[in-house]
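Please treat every number below as a calculation from the coordinates, not as lab data. Just so it is clear, the model here is predicted, and its values are computed rather than measured.
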Ligand code: 6PG
């Protein structure tokens, strides 16, 4: 497993700005680029920035949008990760509809998971029997969850399936999430982690403390791909 690259910036806005510039450098001159997006607060800053300042800088017609996880709610629900991305970014882009691969949160969770898994199998290139996303963007919850793999469901890290139905530990909300093996098969994984509430988890993970064994985010380490953590100073305070 490769050592994680750690990039620390002044504040969440600077994290989003730095990530946007890195994204520009990562996308090759030709061919499709498959990105799985995350929900959460820092990605919202990124989506707003991309919509404001990168409309003419990125090859949007070659970028395919996927999600690392989705809440099982209709796309128009404020909780929908697709809905947030659509409102802040996708609605401002003139991209082919077939480049947007949302998880159908309005369907029965198991049905949505199956449909999404089938679409991934059909479109995403495969290596060693696993789909290889060009880039997976992740956040980390205050409890160390990532995507919708929560600490009490660590087994989803090793699931043989491409995605699984998860249940939020507090709200009971059903989610569809990529599984750990698919995340770790990506060519590149980038965590966007900001805010003081993440500092203790980040410290435990980066210092490989025993506590970190409880956190799904600690198990994200691409086999072949690159791993980069983009943090603000508040989240990186203990590292
Ligand atoms: C989701 C996200 C989730 C998120 C973390 C961090 O659907 O909620 O995918 O994994 O990334 O909860 O969220 P914040 O960055 O807002 O703390």
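Relative to the compact-globule estimate of 2.2 N^0.38 Å, the Cα radius of gyration of the stretch 44-88 comes out at 1.25. Using alpha carbon centroids, what distance separates the stretch 137-196 and the stretch 1-79, in Å? What the calculation gives is 17 Å, centre to centre.
So which residue, out of 197, 85, 177, gets the largest mean-square fluctuation from a GNM of the chain using Cα contacts under 10 Å as springs? Result for the chain, Cα springs under 10 Å: 197 fluctuates most. Taking the square roots of five times each eigenvalue of the Cα gyration tensor of the stretch 17-67, the equivalent ellipsoid has semi-axes of 17, 13, 10 Å, listed largest first. Across the stretch 101-239, the volume of the C-alpha convex hull divided among the residues equals 109 Å³ per residue. Relative contact order of the chain: 25 percent, from C-alpha pairs under 8 Å at least 6 residues apart in sequence.
Report the antiparallel proportion of the DSSP beta bridges in the stretch 151-232 as a percent, rounded to a multiple of 5. Roughly 45 percent of the beta bridges in the stretch 151-232 run antiparallel, per DSSP. Tell me the Kirkwood hydrodynamic radius of the chain in angstroms, computed as one over the mean inverse distance between distinct C-alpha pairs. Computed over Cα pairs of the chain, the Kirkwood hydrodynamic radius comes out at 17.7 Å. Contact order for the stretch 134-239, expressed relative to its length and based on alpha carbon pairs under 8 Å spaced 6+ residues apart, stands at 33 percent.
Taken over the stretch 37-169, the ratio of Cα radius of gyration to 2.2 N^0.38 Å equals 1.05. The per residue volume of the convex hull around the alpha-carbon atoms of the stretch 1-85 is 130 Å³.
Counting only DSSP beta bridges with both residues in the chain, the antiparallel share comes to about 35 percent.
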